[in-house]
Amino acid sequence: METKRIMIEDRKNIKDEELAEAAAVLKGGGLVAFPTETVYGLGGNALDEDAARKIYAAKGRPSDNPLIAHISCAAELAPLVREIPEAGRKLMEAFWPGPLTMIFPKSSKVPYGTTGGLDTVAVRMPDDPVASRLIALAGVPVAAPSANTSGRPSPTTADHVWQDMNGRIDMIIDGGPVGIGVESTIVDVSSPVPSVLRPGAITMEMLREVLGEVAVDPAILGPVKEDVKPKAPGMKYRHYAPKAELTLVETTGPVGRMVEKVKELAHEKLVQGCQVGIICTDESRSCYAEGTVRSIGARESQESVAHNLYAVLREFDDLKVEYIFSESFSEDHLGQAIMNRLSKAAGYKIVQV
Ligand code: TXA
Ligand code: MG
């Protein structure tokens, strides 16, 4: 299949003509990758089981891993869900449009092919003007997982999508690099106490301010045991994974101690003749003299770290690095999402110093 790539000229002034063909592809059951404020999504009609099947095939994703239905305005939620619990209403008001996905009991309109056989449906109203306009023009809710091959880091630029999806989907809309860089926060509002299934840019602190009590799914905090079924089926897969073996170094002490350990572990592999990548920060960059060193952003700015995370992991893939050693980050605010993705990418290989 030939994949058409189109470019959005001016994100602040999108003309409907620019998105008309993409909207027609979605309406006709085809697949279109598009930017959102979190990561690029791979879209298909959420009400069409055939489109869902095509999404799973293009990603090489297990079909028991449900998809998020994306909408363009609040009125599009009601037809997809059986009820909107109080917590859902409050969160919609506070954070939609934005990087928040909520799990609701699904209506009969949403096919099981989209929800991986579950009686619940994940819904998000993205804040990105391209995503929002595209969904509105398509006139259907748009199922969209991250537009990467299953198991690879999520795409934060149209080039990342091109690398994974060229020849597998109908169209890619290039809207420039995304803003946030990690996937949306997922909150299950279908249970009595709302619980966070995946951390993101709507942080625990922000959710608590609106809801008071919020639970955290254990799958966020550590490896999922064989016999435990995480509530977000996607959390059980080795996600966000670079091709190299990634080790995270953590400390409760000063940052300098962590930097010394990263240098030591990297050196051990370098003297064996291995290709070694190092993930550091703007602040620590000058401490490293060997290996392929990449700053992931400023330790001072969690936003910059989230923004660059997947691009750095993908760059190490391209450079055929065999081992990556990374500094770690505090787990407050956006740091929880950063550490959740890094720990999973590392397969929970974490060295404490
Ligand atoms: O930021 C995002 O959410 C991006 C952009 C494109 O919107 N999308 C995204 O989708 O990250 P995906 O498919 O890569 O991740 C969706 C996650 C998976 O872990 C899946 O298991 C979970 O959401 N999920 C979807 N529906 C669910 C449901 N009904 N119950 C529990 N978890 C669900
Ligand atoms: Mg994904």
- Furthest towards positive pole of dipole, V130, S154, G167, structure part the range 124-168, Cβ charges: G167
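For the chain, what is the percent of antiparallel DSSP beta bridges, rounded to the nearest 5? It would help to have the intermediate numbers written out before the result.
Details: 17 of 48 bridges.
So the antiparallel bridges in the chain amount to around 35 percent.
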- Query: Say each of E303 and A136 gets a label point 7 Å from the Cα, pointing the same way as Cα to Cβ; how far apart are those two points in nm?
  - Reply: 2.5
- Message: Counting heavy atoms of the protein chains only and a 1.4 Å probe, report the per residue accessible area for the range 1-154 as a whole number of Å².
- Response: 39
- Message: How many angstrom lie between the Cα centre of the range 93-162 and the Cα centre of the range 164-193?
- Response: 6
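Can you tell me which of 270-276, 183-189, 133-139 comes out highest on packing, and rank the rest after it, using the mean Cβ neighbours within 10 Å?
Working: 270-276: 13.6, 183-189: 25.9, 133-139: 20.3.
Ranking, from highest mean packing down: 183-189, 133-139, 270-276.
If I stretch the segment between E283 and K109 completely, what's the gain in nm (0.36 nm per residue apart, minus their alpha carbon distance), one decimal?
Values: separation 174, 0.36 × 174 = 62.64 nm, distance 5.14 nm.
Here the answer is 57.5 nm.
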- Message: So the label point goes 7 Å from the Cα of K243 along Cα→C-beta, right? Which residues of the range 291-330 then have their backbone N under 14 Å from it?
- Response: 313-324
- In whole Å, what is the distance between the alpha-carbon centres of the range 1-31 and the range 253-292? 43
- Message: Counting only protein heavy atoms and a 1.4 Å probe, tell me what percentage of the chain's accessible area is made up of carbon and sulfur.
- Response: 51
- Item | Residue (of A74, L31, M7) at the positive-pole extreme of the range 4-220, dipole from beta-carbon charges | L31
- Task: Assign unit charges at the C-beta atoms only (+1 for Lys and Arg, -1 for Asp and Glu), then state the dipole size of the range 4-220 relative to its Cα centre in Debye, rounded to the nearest 20.
- Result: 380
- Query: Can you list residues whose amide H is under 5 Å from E250's amide H, if they're 5+ apart or on another chain and H is modeled 1.01 Å from N?
  - Reply: V351, Q352, V353
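Tell me, what is the FRET efficiency for T292 and S191 to the nearest 0.05, using R0 = 45 angstrom and their Cβ-Cβ distance as r? Walk me through the numbers before you get to the answer.
Working: r = 45 Å, r/R0 = 0.99.
Between T292 and S191 the formula returns 0.50.
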- quick shape note, the chain: Cα extents on principal axes in Å, largest first -> 58, 47, 39
- Item | Helix-only CD estimate at 222 nm, as mean residue ellipticity for the chain, using -39500 (n - 2.57) per DSSP H run (n ≥ 4) | -9500 deg cm²/dmol
- Item | Residues of the range 249-263 with amide N under 11 Å of a point placed 7 Å along Cα→Cβ from L270 | 263
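I'd like to check one number: the per residue accessible area of the range 291-353, probe 1.4 Å, reported in Å² as a whole number. Provide the component values of the computation, followed by the final result.
On the way: 2350 Å² over 63 residues.
About 37 Å² of surface per residue is accessible.
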- Task: Return the single residue from G253, G151, G44 with maximal mean-square fluctuation; model: Gaussian network over the chain, springs between Cα atoms under 10 Å.
- Result: G253
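The values are calculated or read from the model by the stated rules, or taken from the named source; none is laboratory data. If you're wondering where the values come from, they're calculated on a predicted model, not measured in any experiment. Methodologically, a virtual Cβ is constructed for each residue, glycine included, from the backbone with ideal geometry; neighbour enumeration extends over all protein chains shown. Just the protein is used for accessible areas: all its heavy atoms, side chains included, with ligands, DNA and RNA removed. Shrake-Rupley method; radii C 1.70, N 1.55, O 1.52, S 1.80 Å.
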